Amino acid sequence: MLPISVLEKAQSELCCYGDSGCSVMEMSHRSRSYKNIFDQTEEKLRRIMDIPDDYSVLFLQGGATTQFSMVPMNLAYRGQKSAYAVTGTFAKKAYAEALRWTDAYKITDGADGNFSSIPEIIEDNLEDDLAYLHITGNNTTCGTMYHTVPKHKNIPLVADWSSGILGKKIDVKDYDLIYAGAQKNIGIAGLTVVIVKRSLIRDDIDGIVPSIMRYADLDKAGSMLNTPPTYAIYLSGLVFDWIEENGGINAMEEMNIKKSNILYDIIDSSSLYKGTADKKDRSIMNITFTLPNEELTTKFLEMAEERNMVNLKGYRSIGGIRASIYNGMPIEGVCCLAQLMEDFEKEN
Ligand SMILES: *Cc1c(COP(=O)(O)O)cnc(C)c1O
């Protein structure tokens, strides 16, 4: 969900942005009007996330999935070692892409436990010559989340925070590179944000890597090596405004904890619903649970739809129920789901 006030603001400016005489969708990305929007959007993100000056912020395309490949190609020499904490569906995909370029190994693998927890990374198992360590901050489909930053010696720490960014306080300084697709908590599909320590941006990477996939080239061009996703960037700026007006990221996190606890309290006291994530690692963004069988799951989803609640079906390869309660989901929406869960349990 996006906050309704953000949609309304976008609507009011849809046909004509300020006194520009045109829609943001119609602007040249090189125009002064657009440059202003772009610069302000970066400034706002730097402010709300408190991004230090020695980090570059890139506004790119291709989704988090493209970063699965760009990270290895830009941070590792071909064949160099990298370590992956495999904690869920997307972590697995990131690892698979890394294998194309680096000598990647799994530093942890949660597959045996159905990705129900975040296995601890043992620092001693990290080899010294690693190009980087990759983690997935919030595991969108499995409903787990890193609540603390793993110890990682001096090895560059890379995190896919697609589904947790802006929903929880992330100290950028703890990481060397953070990336996130925008469609979960930042704005809409089409934009990918990469926050990378400048010292990690290298010019001397393998010649086979296309310019459009090189952080160095993209950074030098201020994310405008080609046409950036102009409207998606503009819209994320509106979301950043909304976050600031509503108390910043700390307030977002507080609200997300509150929202998730409403659902976890029901799950914990229920004999019908079973949480799929270990309590200590539970996500505050994606709440996952199962019902005893397929029949009841379908019935639950039908009752949800009757009450105008959609998108509750678990990820296609995981099943069960998943409630994604990103920043834009108001607490009232979570209460509706809680009511449904209670009513359904009484009847079943
Ligand atoms: C959604 C998601 C992705 C995939 O993002 P795309 O933008 O569709 O490529 C990757 N990682 C995580 C953690 C996600 O939640």
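The values are calculated or read from the model by the stated rules, or taken from the named source; none is laboratory data. Quantities reported herein were computed from a predicted structural model and do not represent experimental measurements. Methodologically, a virtual Cβ is constructed for each residue, glycine included, from the backbone with ideal geometry; neighbour enumeration extends over all protein chains shown. Heavy atoms of the whole protein, side chains included, go into the accessibility calculation; ligands, DNA and RNA do not. Shrake-Rupley method; radii C 1.70, N 1.55, O 1.52, S 1.80 Å.
Summary of computed values
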| read-out | value |
| --- | --- |
| Residue, farthest from the chain's Cα centre (by Cα), within segment 27-85, restricted to residues that are closer than 26 Å to A104 by Cα and hydroxyl-bearing (S, T, Y) | Y77 |
| Filter result for A111 (free of Cβ contacts under 8 Å to residues at least 40 places away in the same chain, open to solvent by 10 Å² or more (accessible area, probe 1.4 Å) and of a type in the set (A, V, I, L, M)) | yes |
| Count of segment 296-313 residues which are in a helix (DSSP H, G or I) and basic (K, R) | 1 |
| Top-ranked residue in segment 331-348 [being touching a residue at least 24 places away in the same chain (Cβ under 8 Å) and under 27 Å from the mean Cα position of the chain (by Cα); ranked as farthest from M252 (Cα to Cα)] | M341 |
| K35 being away from the ligand (no atom under 16 Å from the Cβ), in a strand (DSSP E or B) and open to solvent by 60 Å² or more (accessible area, probe 1.4 Å) | no |
| Residues that are surrounded by fewer than 21 Cβ atoms within 10 Å (Cβ to Cβ), closer than 19 Å to G333 by Cα and aliphatic (A, V, I, L, M), drawn from segment 271-312 | L301, M303, M309, V310, L312 |
| Where a residue in segment 219-242 is under 19 Å from C16 (Cβ atoms) and its partner, wherever it lies, is assigned to a helix (DSSP H, G or I) and of a type in the set (F, W, Y), with Cβ under 7 Å and at least six apart | T230/Y34; I233/F38 |
| Filtered residue count, segment 173-185, keeping only those that are within 12 Å of the ligand (Cβ to nearest atom) and either outside any loop (DSSP other than H, G, I, E, B) or surrounded by fewer than 24 Cβ atoms within 10 Å (Cβ to Cβ) (or both) | 5 |
| Subset of segment 85-110 [in contact with a Gly (Cβ under 9 Å, 6 or more places away or on another chain), closer than 28 Å to N286 by Cβ and of a type outside the set (S, T, N, Q)] | A85, V86, G88, A91, G110 |
| For N226: the one exception among (1) of a type in the set (S, T, N, Q); (2) exposed (fewer than 14 other Cβ atoms within 10 Å of the Cβ); (3) assigned to a helix (DSSP H, G or I) | (3) |
| Subset of segment 49-104 that is touching a Lys or Arg at 6+ places or on another chain (Cβ under 7 Å) and part of a strand (DSSP E or B) - its residue that is farthest from the ligand (Cβ to nearest atom) | D103 |
| The listed residue being within 27 Å of A232 (Cβ to Cβ) and either among the basic types (K, R) or at pLDDT 95 or above (or both), out of S163, S117 | S163 |
| Matching residues, segment 151-170, being touching a residue at least 24 places away in the same chain (Cβ under 8 Å) and either away from the ligand (no atom under 16 Å from the Cβ) or open to solvent by 30 Å² or more (accessible area, probe 1.4 Å) (or both) | K151, H152, K153, I155, P156, K169 |
| Whichever residue in segment 186-217 is open to solvent by 40 Å² or more (accessible area, probe 1.4 Å) and touching a strand residue (DSSP E or B) at 6+ places or on another chain (Cβ under 7 Å) and, among such residues, is nearest to the ligand (Cβ to nearest atom) | K197 |
| First in segment 311-326 and closer than 20 Å to G167 by Cβ, second anywhere and among the charged types (D, E, K, R) and assigned to a loop (DSSP other than H, G, I, E, B), Cβ under 7 Å, 6 or more apart | Y326/K184 |
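Per-residue answers, yes or no, for (1) assigned to a helix (DSSP H, G or I); (2) in contact with a Cys (Cβ under 8 Å, 6 or more places away or on another chain):
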| position | (1), (2) |
| --- | --- |
| A251 | yes, no |
| I257 | yes, no |
| S260 | yes, no |
| D265 | yes, no |
| L272 | no, no |
| I284 | no, no |
| T288 | no, yes |
